[in-house]
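Read-outs: derived from the displayed coordinates by stated rules, not from any lab. Note that this is a predicted model, so its numbers are computed, not measured. Here the Cβ is made from the backbone with ideal geometry for all residues, glycine too, and neighbour counts use every protein chain on show.
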């Protein structure tokens, strides 16, 4: 089931880029990010209440709160930079560079989470990096 959600995530991320590029025309990138964030916020809380997950709020530990807040700050910074880049550049060049996050995530997972970094991971990172370079040149 995780594979289905991962594929759907990829499709929605692609739609996000195309819809944002059209929608951001003539709009301040920070304002556009704020509007997008409000929509995401409403959608996320709607899912929390639809699935009755709000009861778990009191069970969240201090460490989880800290890291979820830091993750939210990183997401906000990513979105602000992404929308500014998308406003200034071509989607076909901005998006591949943004997807270098895959490579960066793999390296960080190896360094900070001590996840396995295999030959397959290294080859994948090199290919993604090379592919990104080819697309943006």
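Here are a few things to note about the model shown:
- In this structure, residue 99 qualifies as surrounded by 14 or more Cβ atoms within 10 Å (Cβ to Cβ), within 16 Å of the chain's Cα centre (by Cα) and within 30 Å of residue 120 (Cα to Cα).
- The residues of the stretch 79-137 that are under 19 Å from residue 22 (Cβ atoms) and in a loop (DSSP other than H, G, I, E, B), listed by number, are 89, 90.
- When residue 135 is tested against the conditions (1) within 30 Å of residue 27 (Cβ to Cβ); (2) loosely packed, with under 14 Cβ neighbours inside 10 Å; (3) without any contact (Cβ under 8 Å) to a residue 40 or more places away in the chain; (4) touching a helix residue (DSSP H, G or I) at 6+ places or on another chain (Cβ under 6 Å), the lone failure is (3).
- Selection from the stretch 1-47 of residues that are surrounded by 12 or more Cβ atoms within 10 Å (Cβ to Cβ) and not in a helix (DSSP H, G or I): 24, 27, 28
- Output for the stretch 62-87, where each listed residue is free of Cβ contacts under 8 Å to residues at least 12 places away in the same chain and either surrounded by 14 or more Cβ atoms within 10 Å (Cβ to Cβ) or within 17 Å of residue 25 (Cα to Cα) (or both): 81
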